[in-house]
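Each remark here refers to the structure printed beneath this line.
The values are calculated or read from the model by the stated rules, or taken from the named source; none is laboratory data. Keep in mind the model is a prediction, meaning the values are calculated, not measured. Positions of Cβ are generated from backbone atoms using ideal geometry, with glycine treated the same way; all protein chains shown enter the neighbour counts.
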Amino acid sequence: MTASWRRRDEHRQSVRSLLGELDDRGELVTLEEEVDPVEELASFLWETRAGPAVLFERVRGHSLPVFGNLLNSRERIARGLRTSLAGLHATLAGAPDARLAPVTAAEPGWREERLASPDLRRLPVPKFFASETGSYVTAGVIIAKGPTGKKNASFARLKILDDRRAFAGIAPEHHLAVLAREAAGANRPLEVAVTIGNHPAVLLAAAYYLELGDDELEVAGALLGEPLEVARCETVDVEVPAHCELVVEGTLDWHDRVEEGPVSEFSGLYQSYGDGPVLTARHVSMRHSPLFQTILPGYAPEHVLVGAVAIAAVLERRLRSSVPSVAEVAISPGGCGRLHAVVALSEPRDRDAEQVMREGLGSVRLVKQVTVVDDDIDIHDPVAVEWAIATRMKADRDLLVLPGMRSSRSDPLAHNGTVAKLGIDATRRGTDRSDWSFAKPPEAVLRRARERLEAMGRA
């Protein structure tokens, strides 16, 4: 039987296009039995965190289905962007320089229905973890335009406070926070729209570290390979993706603040950040029978990877502008998708590794460890990276420790905004060995062995 959410042709910029493909491939699990949004829904996502996407058809107390674990692997991200795993790196790294301006859609899907009153409590927002003090919207892309016209599309967790108000968890250096302070300086709240149920290109673009005022929706167009279709909101001067599932229009008031309490971070640890601004909803629009998207927070693959691939793309662009030998950059899952970078160099010059370490540790606030390897190392394989460290790094020569560097409040070890950072040079040096060749059978013999094993069905 065809699922109700698949009964009509979906636009390629709708997240349903990927959900349908995952369903066809057996990579979408649909739960028909009712689940409790308080911790039980999160438990299902946690148990399947590295596996299939999950669609919850019945969430207790709500009429909207919920889906999660959509982008919990690099393979899944590549599929969402309609590229191969081998081509994912080039797609992500090239997007900031290939930006495409959005185009206006004739009629957005999210205008099909409107809530009579903007009651946020009618949305199936999960409460994830025991020590958190409320339910959080985690997959909402918040889109804003500041008083001077600067645009921003980004993530910020939203804790539901009541029918119209939500706490917004925003770091002070976050561009959304900068725009909210600018609006406050003009004696007005910042107009925003929260879009939920977005295509992977929009989700990933919202995680890029661009310059203030750069439009992340242009990066989404580059990731799509075509301009993103957008539509203007009904009560705020903001344009949002035309094919998302649901839009909450409202204002963000930097001076209206509430305490948050403990919240889970990408490290898997709880953090307490104090108070933050309040988002007040004005209007809620949605598709007929919308799907509500959530991202399991904490140290979960989707939360880690969405940030990791975007940060890696931006860091690679910055490093390559000054060090041409930079071949590829990864932000490792083991480093929480934020804190540890691995950089591969191709035919580096003297001191390239040191320059990469210093610039990598200084240009992205969150990154506090940079490991530099040669391009014969698979930087996405933690065993290969550790092998390079074990065989190519001398501790008395190849470690760079930089104390007191600027950090983020989300680093679990940051103190007064700073933390010590580490660079590891694990590249080959001719002065260490005359022979760096790896011991294995000749390639021609290996190829014949593979062919025979494939013929036997053992490959």
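How many residues are surrounded by fewer than 18 Cβ atoms within 10 Å (Cβ to Cβ), of a type in the set (G, A, S) and outside any loop (DSSP other than H, G, I, E, B) if we restrict to the range 94-148?
Matching residues across the range 94-148 total 1.
If you scan the range 28-43, which residues turn out to be at negative phi and surrounded by fewer than 18 Cβ atoms within 10 Å (Cβ to Cβ)? Quick ask: steps written out before the conclusion?
Initially, the range 28-43 is screened for residues at negative phi, giving 28-38, 40-43.
V29, T30, L31, E32, E33, E34, D36, V38, E40, S43 - these are the residues of the range 28-43 that are at negative phi and surrounded by fewer than 18 Cβ atoms within 10 Å (Cβ to Cβ).
Please go through the range 204-240 and give me each residue that is within 15 Å of N152 (Cβ to Cβ) and under 16 Å from the mean Cα position of the chain (by Cα), ordered by number.
A205, A206, A207, Y208, Y209, L210, E216, L217, V219, A220
Looking only at residues that are of a type in the set (G, A, S) and part of a loop (DSSP other than H, G, I, E, B) in the range 433-459, which one is farthest from D350 (Cα to Cα)?
Let us first name the residues in the range 433-459 that are of a type in the set (G, A, S), namely 434, 437, 439, 444, 449, 455, 457, 459.
With the extra rule that they be part of a loop (DSSP other than H, G, I, E, B), the set shrinks to 434, 437, 439, 457, 459.
Values: S434: 17, S437: 21, A439: 27, G457: 48, A459: 42 Å.
The qualifying residue farthest from D350 (Cα to Cα) is G457.
Do the conditions hold for R287, that is, is it among the charged types (D, E, K, R) and assigned by TED's automatic domain parsing to the domain that holds A139? Full working, then the answer.
Details: among the charged types (D, E, K, R): yes; assigned by TED's automatic domain parsing to the domain that holds A139: yes.
It is true that R287 is among the charged types (D, E, K, R) and assigned by TED's automatic domain parsing to the domain that holds A139.
Can you give me the ranges of the helices (runs of 4 or more DSSP H) entirely in the range 12-85 with at least 2 residues that are charged (D, E, K, R) and over 25 Å from C336 (Cβ atoms)?
On the way: elements: 15-24, 40-47, 74-80.
Per the criteria, 15-24.
What's the number of the condition D23 fails, among (1) surrounded by 20 or more Cβ atoms within 10 Å (Cβ to Cβ); (2) charged (D, E, K, R); (3) touching a residue at least 60 places away in the same chain (Cβ under 8 Å); (4) over 22 Å from V219 (Cβ atoms)?
(3)
Would a scan of the range 59-75 turn up a residue that is in contact with a strand residue (DSSP E or B) (Cβ under 6 Å, 6 or more places away or on another chain) and on the phi > 0 side of the Ramachandran plot?
The answer is yes; a qualifying residue exists.
How many residues are buried (at least 21 other Cβ atoms within 10 Å of the Cβ), of a type in the set (S, T, Y) and in a loop (DSSP other than H, G, I, E, B) if we restrict to the range 282-307?
The qualifying residues number 1.
Just to be sure, is G307 under 30 Å from A153 (Cα atoms) and in contact with a helix residue (DSSP H, G or I) (Cβ under 9 Å, 6 or more places away or on another chain)? Can you show your working first?
Working: under 30 Å from A153 (Cα atoms): yes; in contact with a helix residue (DSSP H, G or I) (Cβ under 9 Å, 6 or more places away or on another chain): no.
Judged against the criteria, G307 is not a match.
Quick check: is even one residue across the range 423-432 in a helix (DSSP H, G or I) and free of Cβ contacts under 8 Å to residues at least 24 places away in the same chain?
We begin by selecting, within the range 423-432, every residue in a helix (DSSP H, G or I); these are none.
Taking every residue of the range 423-432 in turn, none turns out to be in a helix (DSSP H, G or I) and free of Cβ contacts under 8 Å to residues at least 24 places away in the same chain.
Does G457 satisfy the condition of being on the phi > 0 side of the Ramachandran plot and in the same structural domain as V356 (by TED's automatic domain parsing)?
For G457, the condition - on the phi > 0 side of the Ramachandran plot and in the same structural domain as V356 (by TED's automatic domain parsing) - is not met.
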